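The values are calculated or read from the model by the stated rules, or taken from the named source; none is laboratory data. All figures in this text were calculated on a predicted structure; none of them were measured in a lab. Positions of Cβ are generated from backbone atoms using ideal geometry, with glycine treated the same way; all protein chains shown enter the neighbour counts. Keep in mind that these areas ignore ligands, DNA and RNA; they rest on the heavy atoms of the full protein, side chains included. Shrake-Rupley method; radii C 1.70, N 1.55, O 1.52, S 1.80 Å.
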Amino acid sequence: MPLPSLTSSVQVLGAPGERHEEILTPEALEFIGRLDTAFADRRLEILKERRRRSGHLAGGTPLDFPLATRALREDPHWRVAPPAPGLTDRRVEITGPPERRMAVNALNSGAKVWMADFEDATAPTWTNIIGGQLTLLDAVERRIDFTTPEGKEYRLGEQVATIMVRPRGWHLLEEHLEIDGRPLSASLVDFGLYFFHCAQRQIDAGHGPYFYLPKLENRYEARLWNDIFRHAQELLGIPRGTVRATVLIETITAAFEMEEILHELREHSAGLNAGRWDYLFSLIKTFGHRTDFQLPDRAAVTMTAPFMRAYTELLVRTCHRRGAQAIGGMAAHVPGRDAQANTAALAKVRLDKEREAEDGFDGSWVAHPELVPVCREVFDDVLGERPHQLDRTREDVEITATDLLSVRRIAAPPTREGIRSNVAVALRYFAAWLRGSGAVALHGLMEDAATAEIARVQIWQWLRHDQADRATVLDLLDAECAALEEDPRARVTEAREIFVNTALTPGLPAFFTPEAYTRHLVRRTENRA
């Protein structure tokens, strides 16, 4: 439907590419421009509030469940919307970047849901962002089949996974699109382009426009998204409540407002997900200055740690109490050629998924198609023919603020191997990200922005508390840089600069992505006004 004209139009600064005109239509640009104009100020308020609260927590303000919303939490009657078409059974979900080959494999994998990830698994080059939107459009239109130059065919099967889209977080901008001389919110670009082109198409196909919402920190950020959903549906004449969104509980502050987040999004809610890796990143980022929040090696922080168990059990209880589905965390193993190593890794994946299913989760995430059967078998054993286990309300679970923050119980100094591993993961991921890859297989694991963030903030935390020596870290960094020099594609100098500027500085930057994007990825074209 035609939209009322904006006083200023969206300017495209990115270089033109093959089929870009199918996504960047005048009508689509008008739509995302209207979204950004309507919500740009509130986005800035959200970011300002994040900085304010971060300062308060760093200054010693205790973190607890909000007193102002106690009545809402104690009200037993409210519920979220029932599961939408295609989201009733979510026992296995696969995630990955919206890249054409990976999309076909994910859609055909046997998973119930494919989450197309513009955030942690995509390096936001202009080509990747618009190419990802084309991938989604072609997938919805079922015209994504293709054959590689080597003759390998990729074809969609009859039964494919339901598509959900994860836009980039509120802290990021899309520098290749401007309105009134300022860049658009990356969140609204990713959401808006997919919604404009695919919402009605998905409805016509029997599903709907479904999303994952990353890095929310409180109920006000959920309220903002809910208002965006309402506005977008109204602009395009789509019935209110058609959009559904699962919120990743991947910040420590959001863990204290799970009920409030569900309540704000209740007409559009598709539950909560335990975003385990970003959750650890958030915990360190929020409390890394304190001596009682010193985490050991990343590999030693498992989901059986008391504070992680408290977080996941509270998530299941909260969701099921409100009729919402609870989705478990990522299994990041990438099968390799070593059969013995694969067997051991798959055994760990199975144990992790068994714990989740037994705890009451309704489904879980995997990063590779070969993990889908393992996850499905585990949840099949628990669910049988049922699509979920919302009837398990977990009234036995009682979680306090102390439980969620009991990090000290697993505190331990880092090992040299833990320091070396974090330096290697962060540096190698930064290098891959700079050349356009947001999901990278390293040492048998699929690493993304979340795991790179954990690696670099742990280095920062260990240096701050004298648990690691700066000279040792620099020596390890130099060794990794030397090894990377063998790859002619690696932008080693720039990757090293990002590491130094985001892990070795006195103050801890909130994210590495804004610096990496601004300094190394933005390629403005000559058509800037």
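Quick look at the values:
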quantity	calculated
Whether the range 170-211 is rounded, prolate or oblate, judged on the alpha carbon gyration tensor where a/c under 1.5 counts as rounded	prolate
Share, in percent, of DSSP beta bridges within the chain that are antiparallel, nearest 5	30 percent
Candidate residues 382, 372: accessible-area rank, largest first, probe 1.4 Å	382, 372
Share, in percent, of DSSP beta bridges within the range 41-200 that are antiparallel, nearest 5	40 percent
Global geometry of the range 66-205, whether rounded, prolate or oblate, following the gyration tensor of its Cα atoms and the 1.5 cut on a/c	oblate
Stokes-Einstein D (µm²/s) once Rh is taken as the Kirkwood radius of the range 396-529 over alpha-carbon pairs, at 37 °C in 0.692 mPa s	202 µm²/s
Ranked packing of 16-26, 262-272, 36-46, 113-123, most packed first, by mean Cβ within 10 Å	113-123, 262-272, 36-46, 16-26
Gain on full stretching of the segment that runs from residue 486 to residue 338 - 0.36 nm per residue minus C-alpha separation	50.9 nm
Rounded to whole Hz, the Karplus (6.51, -1.76, 1.60) HN-Hα couplings of the range 246-253, x for glycine and proline	9, 9, 7, 8, 10, 10, 5, 5
Highest-first arrangement of 171-183, 447-459, 140-152, where packing means the average Cβ count within 10 Å	447-459, 171-183, 140-152
Chain lengthening between residue 292 and residue 494 when straightened (0.36 nm per residue, less Cα-Cα)	69.3 nm
Karplus 3J(HN,Hα) series, Hz, for the range 49-54 with 6.51 cos²θ - 1.76 cosθ + 1.60 (x for Gly, Pro)	5, 4, 5, 4, 5, 4
Pairwise centroid distance, computed over Cα atoms, of the range 349-397 with the range 213-231, Å	27 Å
Cα gyration tensor, the range 212-312 - rounded (a/c under 1.5), prolate or oblate	prolate
The range 36-65 versus the range 307-332: alpha-carbon centroid distance in Å	25 Å
Rg and Dmax [Cα atoms of the range 299-351; Å; Rg one decimal, Dmax integer]	14.7, 44
Estimated FRET transfer efficiency (residue 501, residue 182; beta-carbon r; R0 22 Å; 0.05)	0.35
Inter-site label distance for residue 56 and residue 396 at 7 Å from Cα along Cβ, in nm	3.7 nm
Heavy-atom SASA rank of 251, 518 (probe 1.4 Å, accessible area, largest first)	518, 251
Label point distance in nm, residue 236-residue 415, each placed 7 Å from Cα along Cα→Cβ	5.0 nm
Share of pairwise Cα separations in the chain, more than 37 Å, in percent	26 percent
Scattering curve values for the range 155-278, log₁₀ I(q)/I(0), Debye with Cα scatterers, q = 0.10, 0.21 Å⁻¹	-0.33, -1.25
Debye log10 I(q)/I(0) for the range 26-148, one point scatterer per Cα, at q = 0.11, 0.13, 0.14, 0.16 Å⁻¹	-0.71, -0.93, -1.01, -1.10
Contact order relative to length of the range 213-308, as percent, for alpha carbon pairs under 8 angstrom and 6 or more apart	28 percent
Cα-derived Rg to Rh of the range 1-94, Kirkwood definition	1.12
Alpha-carbon centroid distance for the pair the range 91-143 / the range 412-444, whole angstrom	24 Å
Cross-link partners of residue 285 among lysines (Cα-Cα below 16 Å; sequence separation of 8 or more within a chain)	215
Share of pairwise Cα separations in the range 443-486, more than 12 Å, in percent	69 percent
